[in-house]
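Please read the structure below before turning to the comments.
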Amino acid sequence: MGSKYYITTAIDYVNSAPHIGTAYEKISADVFARFHRLIGDEVFFLMGNDEHSLNVLRAAAAKGMDPQAYTDEMEGVFRGIWDKLEIEFDRFIRTTEPDHVRGLSTLFRALEDDIYQGHYEGHYCESCEAFYQEKDLVDGCCPTHGTKPAWIKEENYFFRLSKYADRLLAHIEEHPDFIRPESRRNEIVQLIKGGLEDISITRAGTDWGVPLPMDESQVIYVWVDALTNYATGIGYGYDDERFAKWWPADAHIIGKDITRFHCVIWPSMLMAAGIELPKTIYGHGFVYFKGQKLSKSRGVTVDPLEAADVFGPSALRYFLMREGTYGRDVDFTWEQFRSRYDSELANDLGNLVSRTTAMVGKFLGGELRNLSSGSGDALRSLSADVRATVETEMLAYAPQAALAKTWELVRRANSFIEEEKPWVLAKEDRGRLEQVLFDVLEAIRQVAVLAWPVMPGKSEAILRELGLTLEPGGATLDELLAWGSEWGDAISVAKGEPVFPKYTDEDLAAKFDIVSGATTATAPRTEAAPEGAPADDTDSTDKGAGKMMTFQQFQELDLKLAKIIEAGKVEGTSKLIKMRVDLGGNDVRQMVAGIAEDYAADDLVGKTIVVVANLEPAKIRGIESQAMLLAAVDGGSIALVVPEKDLPPGTGVS
């Protein structure tokens, strides 16, 4: 058994379902956790949900639910998505759990000497649930959401963050891997050198949170509550033996937008409590979805997470880990996704597996011997080089480089087949044929093992075709990948279904229509029907006449404020505008509305509108609309419903 490896991700607000950026973080952490299992380390992988949030409280209220019942329901939503994406964690922590509450209270008692009561007055973004100094704002607005923060005045408790600035800088200098990548480390160093202020760590006027041990009239600030999960998740405050086994964390995998909390506030709290600091905090980049059409012929636009429903979760995981340098931003486009899928997965690896297993079946009846002792250097020497490089790159948090190196072996195996021509050897030299096919099978096995952290489902499927299984943690990587080590004397191969099927544009258009549940839809009256759409057969003046809605039915409507962050005309139409809107809490959606005759696209950007957030998505001119805006209609004139005051996106409307 190797070393221990404890890895965590940021825990997530549950006011909305996960999106592609959230999935990117969880997938990458799962990849690192699986790799450490592969090399024989004892691994503990922690994920979870952040539930004591004002945003969560509002989301529950919008659904007419008790917040605890709401968070219980959302746990199932999140777990379902992570399961679909082949993410395997050792614990899923929730901040409403009794163990977490006990641990958090224990930590605050340890911090007591650095906590004092005072008056707070300053900028607070309700969507971020974060305090900002004047210098951190962009044109007076939150740097993340672009909204004007609320000005909060209240009596609460403070942590002496300023006390730990010099000590924190010294630690960063002495431990180069403490904050990664280097660009994040430089940002944090500059932030600390710019001066740290003591921070407010409690909130008044709410009981949705963990009460402060020394004053139960206040609850612990959600970010401080959330950060502590990394310690409570492994026993802090209630299981000392378990905590001692796993702490310090080897890696906190978090988004670049929350490094201030993780690289400044969290380590300062640990210092104050006398707890060792984590070894590495890795601030990854964002995933930007360009939204290009999946099918030029059908014009289908879908969410990237739906790739897992059609192409399989392994394909999505592969793309996210292969595209770009880990730590930097990733652009997800359907064009680039399909390019990698077709060339690297379907053609390079999928075709290699299919043609090799087919030839073993056709030329050797599906049976051959373990001929590892007779293998030449064509593939064997390259495999040793690939194995060493992959281990180096993965330990350096560079999955993209590890995959690039692994695919050298894939391509070399394909070229080796072309050079040796097994279809000719089948007629002339059966002994050489058997050796060549064994060597290619062994190269495929090596690739499947090396790729397993990134695409576990497909790697295991490949190994099953070869009559093999993988048991990570039972051996070191060198033992697993010793040439020919996992085969018995006799090998039986059975060709299966294509590992990575090939799809035409028409195939995908049909499949994604099914996945999205898309039907031909008439746009609601408030959004002016798109040109060419069938008309509503009910006159708008009579629609709903004499019908009353129950209060319960009204409560089921999830009305929210949304800020328009992008807008543009839909090509080929005179009425439709496509928008991206921010509903708060990292919930950004696409909408289509027939308002172009009343509003210019450029004038819409920055406006705050009211939307129905829980309406089933509909396709309008092949574009998915994920919410519906509210507007007043007078004859042919449309007027948007907008709030009188400047309120943040995500604010509930009732």
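Only one of these is touching a helix residue (DSSP H, G or I) at 6+ places or on another chain (Cβ under 7 Å) and not acidic (D, E): R380, R328, R338, R322. Name it. Full working, then the answer.
Working: R380 fails: touching a helix residue (DSSP H, G or I) at 6+ places or on another chain (Cβ under 7 Å); R328 fails: touching a helix residue (DSSP H, G or I) at 6+ places or on another chain (Cβ under 7 Å); R338 fails: touching a helix residue (DSSP H, G or I) at 6+ places or on another chain (Cβ under 7 Å).
None of the others qualify; the one that does is R322.
Among the residues making up the stretch 369-393, a single one is assigned to a loop (DSSP other than H, G, I, E, B) and in contact with a strand residue (DSSP E or B) (Cβ under 7 Å, 6 or more places away or on another chain): N370. Within the stretch 74-89, residues that are touching a residue at least 60 places away in the same chain (Cβ under 8 Å) sit with their Cβ atoms under 6 Å from residues that are acidic (D, E), at 6+ positions apart or across chains, in these pairs: I87/D30. Of everything in the stretch 65-100 that is part of a helix (DSSP H, G or I) and among the hydrophobic types (A, V, I, L, M, F, W, C), the residue that is surrounded by the fewest Cβ atoms within 10 Å (Cβ to Cβ) is A69.
Among the candidates A17, A62, which residue alone is surrounded by fewer than 21 Cβ atoms within 10 Å (Cβ to Cβ) and farther than 25 Å from W246 by Cβ? Even if it seems obvious, please write down each step before you answer.
On the way: A62 fails: surrounded by fewer than 21 Cβ atoms within 10 Å (Cβ to Cβ).
A17 is the lone residue from the list that is surrounded by fewer than 21 Cβ atoms within 10 Å (Cβ to Cβ) and farther than 25 Å from W246 by Cβ.
Of everything listed in (1) within 21 Å of A17 (Cβ to Cβ); (2) crowded, with 21+ Cβ neighbours inside 10 Å; (3) modelled with pLDDT of 90 or more, the single unmet condition for R589 is (2).
Taking the stated definitions as given, is T9 buried (at least 24 other Cβ atoms within 10 Å of the Cβ) and among the polar types (S, T, N, Q)? Reasoning before the result, please.
On the way: buried (at least 24 other Cβ atoms within 10 Å of the Cβ): yes; among the polar types (S, T, N, Q): yes.
Yes.
Taken as a whole, the structure places E155 among residues that are farther than 22 Å from G195 by Cβ, of a type in the set (D, E), out of contact with any helix residue (DSSP H, G or I) (no Cβ under 7 Å at 6 or more places or on another chain) and touching a residue at least 24 places away in the same chain (Cβ under 8 Å).
Every test in (1) out of contact with any Lys or Arg (no Cβ under 8 Å at 6 or more places or on another chain); (2) surrounded by 15 or more Cβ atoms within 10 Å (Cβ to Cβ); (3) not in a helix (DSSP H, G or I) is passed by G474 save one, and that test is (2).
Every residue in the stretch 318-355 that is of a type in the set (K, R), over 22 Å from A413 (Cβ atoms) and either surrounded by fewer than 19 Cβ atoms within 10 Å (Cβ to Cβ) or under 14 Å from the mean Cα position of the chain (by Cα) (or both), please.
Just the residues of the stretch 318-355 that are of a type in the set (K, R), to begin with: 322, 328, 338, 340, 355.
Among the residues that remain, those that are also over 22 Å from A413 (Cβ atoms) are: 328, 338.
R328 - this is the single residue of the stretch 318-355 that is of a type in the set (K, R), over 22 Å from A413 (Cβ atoms) and either surrounded by fewer than 19 Cβ atoms within 10 Å (Cβ to Cβ) or under 14 Å from the mean Cα position of the chain (by Cα) (or both).
Cβ-Cβ contacts under 9 Å between residues 6 or more apart (or on different chains), taken from a first residue in the stretch 456-475 that is under 10 Å from L38 (Cα atoms) to a second residue that is of a type in the set (A, V, I, L, M, F, W, C) and assigned to a loop (DSSP other than H, G, I, E, B), are listed as L470/W452; P472/I39; P472/W452; G473/M1.
Considering (1) under 22 Å from the mean Cα position of the chain (by Cα); (2) at pLDDT 95 or above, say which one L104 fails and leave the rest. Checking L104 against (1) under 22 Å from the mean Cα position of the chain (by Cα); (2) at pLDDT 95 or above, the one that fails is (1).
The residues of the stretch 9-46 that are of a type in the set (D, E, K, R) and part of a helix (DSSP H, G or I), listed by number, are E25, K26, D30, R34, R37. Of the residues in the stretch 421-442, none is assigned by TED's automatic domain parsing to the domain that holds S375 and either in contact with a Cys (Cβ under 9 Å, 6 or more places away or on another chain) or closer than 15 Å to L38 by Cα (or both).
Is the stretch 137-152 home to any residue that is free of Cβ contacts under 8 Å to residues at least 40 places away in the same chain, closer than 30 Å to D240 by Cβ and not hydroxyl-bearing (S, T, Y)? No. Screening the candidates L557, L508 for the property of being outside the structural domain of I623 (by TED's automatic domain parsing) and modelled with pLDDT of 80 or more yields one hit, L508.
The values are calculated or read from the model by the stated rules, or taken from the named source; none is laboratory data. All values reported here derive from a predicted model rather than from experimental measurement. All Cβ positions, even for glycine, are placed from backbone atoms using ideal geometry, and neighbour counts span all protein chains on display.
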